[in-house]
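The values are calculated or read from the model by the stated rules, or taken from the named source; none is laboratory data. Bear in mind the structure is a predicted one, so any value in this text is a computation, not a measurement. Please note that ligands, DNA and RNA were not included when accessible areas were found on the heavy atoms of the full protein model with its side chains. Shrake-Rupley method; radii C 1.70, N 1.55, O 1.52, S 1.80 Å.
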Amino acid sequence: MKALEKMVLLRGKVVKGFQRGSKLLGWPTANLDPAAFKGKIDDLSEGVYYGFAKLESDQKVYKTALSIGWNPQFQNKEKTVEAYLVNEFAEDFYGEEMRLMICGYTRPQCPFDGLDALKKAISDDVEETVKILDTKDYINLKDHDFFTQK
Ligand code: ADP
Ligand code: MG
């Protein structure tokens, strides 16, 4: 895991993805509206990242494991940004505004040998995310202005 030189702050609606089973895997990912990150993440390579996220309907700031990938629907020319928020939500929150703070890089994307290996990798990502964000370098970022400003 490695901190980004400069954290990336994104703000936009949660949109529908392909629903290709992230929920079935047990790790739903809130997909960010591409308009929210256009031109802002050109320096970030494909991979898994860690940071914080906040939804408009909720005061809380959640730890988040997110992935940056390529959207097959657009011949892999468009990126996707999807975040698993470390919390159990009673309901979906499509259409809500999400603020996303990307603090650091966890690992590259890589192919997995079957579903169980993939599930294990995600569960490790989330565990490491929670651990690193509880350290002094990050813990106070929950109170960053970005999450409260209009
Ligand atoms: P999609 O392909 O539409 O993104 P997912 O299976 O990835 O579908 O599910 C994502 C949706 O699940 C989110 O948009 C959100 O509304 C909901 N959701 C529920 N719990 C969470 C969570 N802990 N983290 C992220 N999204 C969640
Ligand atoms: Mg998703």
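Structure notes:
- Among 50, 94, 84, residue whose mean-square fluctuation peaks in a GNM of the chain (springs only between Cα atoms under 10 Å): 94
- Summarising the amide proton neighbourhood of residue 107: residues at separation of 5 or more, or on other chains, whose placed amide H is nearer than 5 Å comprise 48.
- The chain: calculated mean residue ellipticity at 222 nm from DSSP helix runs of at least 4, using -39500 (n - 2.57): -4500 deg cm²/dmol
- Here the Karplus relation 6.51 cos²θ - 1.76 cosθ + 1.60, evaluated at θ = phi - 60°, turns the backbone of the range 75-82 into coupling constants of 6, 6, 9, 10, 7, 10, 10, 9 Hz, with x for every Gly and Pro.
- Looking at the chain, the accessible area is 61 square angstrom per residue; that uses a 1.4 Å probe and ignores ligands, DNA and RNA.
- The Rg/Rh ratio of the range 21-150, with Rg taken over Cα atoms and Rh as the Kirkwood radius over Cα pairs, comes to 0.94.
- For residue 70, residues with placed amide H under 5 Å, excluding near neighbours: 80
- Within the accessible area of the range 2-145 (1.4 Å probe), percent carbon and sulfur: 50 percent
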